[in-house]
2 protein chains.
Amino acid sequence: MSVTNPVSALIQPLGEMPPESVVFGSTDAMHALRERLAKIAGANVPVLIQGESGTGKDIIARMIHVSSPWKTGPWVKVNCPAIPGTLLESELFGYEKGAFTGAYGSKPGRVEMAHRGTLFLDEISELDMALQSKLLQLLQDGQFCRIGAQEDKRVEVRVVCATNRKLEEEIINGTFRSDLFYRINVVNLHIPALRERSSDIPQLVSYFIEHYNRRFNGRAPMPSAELMKALMRYHWPGNIRELENLMKRYVILGSEDSISGDLRPHEPDLFSADIPVDGQVSLKKITRQAVRELERKIILKVLQHHHWNRKQAAKALNISYRALLYKIRDAGLPSNRTPRSGAHEDAQAAVNETAAAD
Amino acid sequence: MSVTNPVSALIQPLGEMPPESVVFGSTDAMHALRERLAKIAGANVPVLIQGESGTGKDIIARMIHVSSPWKTGPWVKVNCPAIPGTLLESELFGYEKGAFTGAYGSKPGRVEMAHRGTLFLDEISELDMALQSKLLQLLQDGQFCRIGAQEDKRVEVRVVCATNRKLEEEIINGTFRSDLFYRINVVNLHIPALRERSSDIPQLVSYFIEHYNRRFNGRAPMPSAELMKALMRYHWPGNIRELENLMKRYVILGSEDSISGDLRPHEPDLFSADIPVDGQVSLKKITRQAVRELERKIILKVLQHHHWNRKQAAKALNISYRALLYKIRDAGLPSNRTPRSGAHEDAQAAVNETAAAD
DNA sequence: TCCGATTTGGCTCTCCGGATGCACGTCAGT
DNA sequence: ACTGACGTGCATCCGGAGAGCCAAATCGGA
């Protein structure tokens with residue numbers, strides 16, 4: 001999982017991908033995933049890949065590409081959060097001369113570049129509303145429009161999206177369009193977290209050690225049984241990427257001690273709202289958390305209903321304006337929001353276009 | 001003008017539209033809708049289409065267009081929320097050279113492009129007030145004015161609007177002009193949600209399966225009776241679009257298991273974040289209620305785990321013994337004593353009995 | 001039957017988090 | 001410049017949660 005510059009490097013070195021057996025391991029869930037992938041690769045339908053950060057979503061996406069009929073076509077990856085709002089649109093859809101100050105020439109967007117190939121949108125949850133709409137149109141009828149252009153263009157692209165968040169929640173929060181979700185969620189690949197398939201860890205470990213031994217001319221031996229056990233017990237918040245980096249360090253430093261310190265055991269999950277009968281769990285904290293959560297949902301809903309007019313919302317909620325602000329703040333909701341359409345700040349970027357949704 | 005181009009794209013492959021029988025199904029409400037549509041298509045009056053997201057408002061709108069006398073004219077669709085505020089105006093009405101910085105040339109708007117054709121405004125509730133006014137003028141006397149232009153222009157367009165919100169409420173909220181509403185609401189087509197016409201689902205399912213079998217060279221059989229029942233029970237928040245995508249997935253993946261997981265029945269969440277949109281229902285009350293509910297569950301569980309020993313339970317919950325008693329009381333939990341040798345005719349025992357004992 | 005332990009309810013008192021009102025500054029539209 | 005909505009800081013106030021105390025009820029055991 002070479003982390004390259006998110007946007008450049010269009011045609012990525014596919015050769016660096018680890019062999020299939022390593023990617024998938026031997027867990028049931030991953031077997032199912034592999035089969036599913038084989039089935040869907042050939043059909044030109046959008047794919048949504050969901051999985052925690054570091055689970056290798058980009059590798060899966062690339063595998064979809066190379067096993068599809070468009071494998072000879074371009075492979076274009078766009079890492080959405082890496083590009084600030086306004087630029088992302090021009091990056092994706094391109095622009096015509098004079099579309100905005102500084103646009104002296106015209107430029108094709110990534111979407112066009114991906115014609116007859118695969119367009120991979122990483123972290124799609126980060127797209128702002130306006131771009132979501134444009135993307136939706138692209139998915140609905142294969143059309144899009146450069147910024148500042150008069151007419152629509154038509155492309156054929158296979159779209160693969162990835163995210164590490166639960167889009168369902170984003171929809172409830174109002175930060176993701178539900179119609180876009182239904183559109184990209186035709187096929188859903190959920191990649192389990194590494195800790196959920198710890199039986200694959202030995203295989204991965206040996207692969208990485210071998211790989212880095214070769215690359216660094218190392219002689220690091222297989223880890224001891226105890227260390228392997230520790231590796232399997234660890235909960236890997238960074239998933240495979242973390243494992244890979246740890247193995248890299250192990251090979252370079254060459255001693256087990258140098259990494260065993262990082263494997264501190266399973267910290268107590270503070271957010272498990274469930275009712276852990278066993279240990280002491282302050283009821284206060286749980287209820288507090290729950291109240292926050294609930295308030296957040298309600299406030300969000302009411303605010304949306306009132307077009308983010310806080311005064312009205314506060315009145316509707318029967319709390320003081322000031323209190324609502326408090327709650328909004330510590331609910332982590334956007335504290336500055338232009339009233340409509342969710343699109344803020346960019347004065348003049350996005351132009352044009354029908355985009356879909358009914 | 002280059003109108004033809006954008007519009008060429010807009011003259012969409014209507015061939016891809018499902019046959020009428022599928023769009024409408026056999027529900028009474030949809031029959032009525034079809035008749036109504038036939039009646040109004042020919043008259044040059046504005047139409048307002050209301051229906052949840054994904055119910056196929058755009059298809060209906062297109063059907064209006066193709067069955068109207070202007071079917072040879074352009075079909076122009078504008079998705080309002082896709083375009084941030086200021087730009088939408090130039091997009092809709094066009095601008096003259098020099099109207100604002102960056103306007104080096106003049107540009108016709110979508111309204112002009114739709115001359116002698118149909119203009120479809122999707123999600124019209126997202127229009128801001130200023131544009132609502134301009135649109136109102138257009139509807140009233142067929143005139144509009146490019147940004148920066150001196151004189152008005154005149155066009156003949158059939159205007160069709162769609163929204164998934166209740167405009168009546170928007171009016172009350174002051175976010176939609178009532179006069180515009182009356183103007184576009186001359187004919188009102190309300191499209192029922194899919195869940196409200198579940199008897200159409202089998203027909204739709206078979207249509208989609210056939211369609212996608214053909215497109216993907218699939219061999220997916222009709223779903224089993226149980227699956228069909230599940231499909232009809234599901235509440236389809238994404239309406240037809242969701243159904244379509246689910247069927248797509250079914251055809252591609254080829255197994256019922258691959259989709260049955262998505263049909264989980266309408267679970268009302270742990271403590272649902274429901275209602276408050278309607279009237280002003282205080283937030284406090286709701287949260288209070290929710291907290292009670294949650295506390296009740298937790299306390300019950302902890303108590304059971306501790307064999308109804310309140311002292312231990314209180315300690316486990318990190319609250320004072322006394323406080324636990326309070327909570328137990330106003331959670332309506334059995335406040336009786338060791339239920340063992342009940343020489344006591346407690347009204348509400350019922351619960352514990354067997355539980356305690358040791 | 002009596003004594004101590006445990007449980008429970010009722011009653012205050014205190015304390016703190018959250019809610020409020022007010023003042024002031026900012027920003028955008030007019 | 002004026003207005004209205006929004007954001008922030010500050011002093012204040014309120015109510016509910018918690019703690020402490022006491023009395024009554026009940027049980028176990030002698």
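If you go through region B:237-253 one residue at a time, do you hit one that is more than 14 Å from chain A (Cβ to nearest Cβ) and of a type in the set (Lys, Arg)?
Taking region B:237-253 first, the residues more than 14 Å from chain A (Cβ to nearest Cβ) are none.
No, region B:237-253 contains no residue that is more than 14 Å from chain A (Cβ to nearest Cβ) and of a type in the set (Lys, Arg).
Look at A:Arg116 and say whether it is over 19 Å from B:Glu91 (Cβ atoms), touching a strand residue (DSSP E or B) at 6+ places or on another chain (Cβ under 8 Å) and within 10 Å of another protein chain (Cβ to nearest Cβ). Steps first, please.
Numbers: over 19 Å from B:Glu91 (Cβ atoms): yes; touching a strand residue (DSSP E or B) at 6+ places or on another chain (Cβ under 8 Å): yes; within 10 Å of another protein chain (Cβ to nearest Cβ): no.
Considered against the rule, which asks whether it is over 19 Å from B:Glu91 (Cβ atoms), touching a strand residue (DSSP E or B) at 6+ places or on another chain (Cβ under 8 Å) and within 10 Å of another protein chain (Cβ to nearest Cβ), A:Arg116 comes out as no.
Is at least one residue of region B:194-212 open to solvent by 30 Å² or more (accessible area, probe 1.4 Å) and closer than 24 Å to B:Gly94 by Cβ?
Step one: list which residues in region B:194-212 are open to solvent by 30 Å² or more (accessible area, probe 1.4 Å), which gives B:195-196, B:198-199, B:202-203, B:206-207, B:210-211.
Okay, now just the ones that are also closer than 24 Å to B:Gly94 by Cβ, so none.
No, that holds for no residue.
Which of the residues that make up region A:134-165 are surrounded by fewer than 19 Cβ atoms within 10 Å (Cβ to Cβ), under 23 Å from A:Gly94 (Cα atoms) and of a type in the set (S, T, N, Q)?
A:Gln150
For region A:181-203, which residues satisfy the criterion of being in a strand (DSSP E or B) and polar (S, T, N, Q)? Talk me through it step by step, then tell me what you get.
Of the residues in region A:181-203, the ones in a strand (DSSP E or B) are A:187-191.
Result: A:Asn188, single match.
Test A:Val160 against the stated conditions and say whether it is β-branched (Val, Ile, Thr) and more than 9 Å from chain B (Cβ to nearest Cβ). Outline the logic, then answer.
On the way: β-branched (Val, Ile, Thr): yes; more than 9 Å from chain B (Cβ to nearest Cβ): yes.
Taking the combined requirement at face value, the residue satisfies it.
Restricting attention to region A:123-155, and to residues there that are part of a loop (DSSP other than H, G, I, E, B) and charged (D, E, K, R), which single residue is modelled with the highest pLDDT? Walk me through how you get there before you give the answer.
Pass one, region A:123-155, residues part of a loop (DSSP other than H, G, I, E, B): A:123, A:127-128, A:142, A:145-146, A:148-152, A:155.
Applying the additional criterion that residues be charged (D, E, K, R) yields A:123, A:128, A:146, A:151-152.
Details: A:Glu123: 90, A:Asp128: 78, A:Arg146: 80, A:Glu151: 71, A:Asp152: 74.
So the residue we want is A:Glu123.
Inspect all residues belonging to region A:327-350 and state whether any of them is open to solvent by less than 30 Å² (accessible area, probe 1.4 Å), within 13 Å of DNA strand D (Cβ to nearest atom) and at pLDDT 80 or above.
yes
Kindly provide the set of residues from region A:96-122 that are at pLDDT 80 or above and outside any loop (DSSP other than H, G, I, E, B), ordered by number.
Residues satisfying the conditions are A:Pro108, A:Arg110, A:Val111, A:Glu112, A:Met113, A:Gly117, A:Thr118, A:Leu119, A:Phe120, A:Leu121, A:Asp122.
Can you tell me which of B:Met228, B:Met232 is outside the structural domain of B:Ile49 (by TED's automatic domain parsing), under 25 Å from the mean Cα position of the chain (by Cα) and open to solvent by less than 40 Å² (accessible area, probe 1.4 Å)?
Working: B:Met232 fails: open to solvent by less than 40 Å² (accessible area, probe 1.4 Å).
Just one listed residue meets the conditions, B:Met228.
Please go through region B:290-314 and pick out each residue that is open to solvent by 90 Å² or more (accessible area, probe 1.4 Å) and within 11 Å of DNA strand D (Cβ to nearest atom).
Once the filter is applied, which keeps residues that are open to solvent by 90 Å² or more (accessible area, probe 1.4 Å) and within 11 Å of DNA strand D (Cβ to nearest atom), region B:290-314 yields only B:Arg292.
Going through region A:181-193 one residue at a time, which ones are at the interface with another protein chain (Cβ under 10 Å from one of its Cβ atoms) and open to solvent by less than 10 Å² (accessible area, probe 1.4 Å)? First the steps, then the outcome.
First, the residues of region A:181-193 that are at the interface with another protein chain (Cβ under 10 Å from one of its Cβ atoms): A:181-188.
Within region A:181-193, A:Ile184, A:Val186, A:Val187 qualify.
For residues that are open to solvent by less than 20 Å² (accessible area, probe 1.4 Å) and at the interface with another protein chain (Cβ under 7 Å from one of its Cβ atoms), scanning just region B:315-326, find the one that is farthest from DNA strand D (Cβ to nearest atom).
Among those that are open to solvent by less than 20 Å² (accessible area, probe 1.4 Å) and at the interface with another protein chain (Cβ under 7 Å from one of its Cβ atoms), it is B:Ala316.
Given the residues A:Ser206, A:Ser224, which is the only one that is without any contact (Cβ under 8 Å) to a residue 24 or more places away in the chain and either under 19 Å from A:Phe24 (Cα atoms) or of a type outside the set (Lys, Arg) (or both)?
On the way: A:Ser224 fails: without any contact (Cβ under 8 Å) to a residue 24 or more places away in the chain.
Every option except A:Ser206 fails the conditions.
Looking at region A:263-282, is at least one residue open to solvent by 60 Å² or more (accessible area, probe 1.4 Å), within 12 Å of DNA strand D (Cβ to nearest atom), modelled with pLDDT under 80 and more than 30 Å from B:Thr175 (Cβ to Cβ)? Steps first, please.
Filtering region A:263-282 down to residues open to solvent by 60 Å² or more (accessible area, probe 1.4 Å) leaves A:264-271, A:273-274, A:278, A:280.
Now restrict to residues that are within 12 Å of DNA strand D (Cβ to nearest atom): none.
No, every residue in region A:263-282 fails to be open to solvent by 60 Å² or more (accessible area, probe 1.4 Å), within 12 Å of DNA strand D (Cβ to nearest atom), modelled with pLDDT under 80 and more than 30 Å from B:Thr175 (Cβ to Cβ).
Working only within region A:19-74, note down all residues that are part of a helix (DSSP H, G or I) and not hydrophobic (A, V, I, L, M, F, W, C). Reasoning before the result, please.
In the first step, residues of region A:19-74 are kept if they are part of a helix (DSSP H, G or I); the result is A:20-24, A:28-41, A:57-66.
The answer is A:Glu20, A:Ser21, A:Asp28, A:His31, A:Arg34, A:Glu35, A:Arg36, A:Lys39, A:Lys57, A:Asp58, A:Arg62, A:His65.
Which condition from (1) surrounded by fewer than 16 Cβ atoms within 10 Å (Cβ to Cβ); (2) more than 17 Å from A:Gly51 (Cα to Cα); (3) modelled with pLDDT under 85 is the one that A:Glu168 breaks?
Condition not satisfied by A:Glu168: (2).
The values are calculated or read from the model by the stated rules, or taken from the named source; none is laboratory data. The model shown is predicted, which means the values in this text are computed figures rather than measured ones. Don't worry about glycine lacking a Cβ; one is built from the backbone with ideal geometry, like all the others, and counts go over all protein chains shown. Heads up: the accessible areas ignore ligands, DNA and RNA and are worked out on the full protein's heavy atoms, side chains in. Shrake-Rupley method; radii C 1.70, N 1.55, O 1.52, S 1.80 Å.
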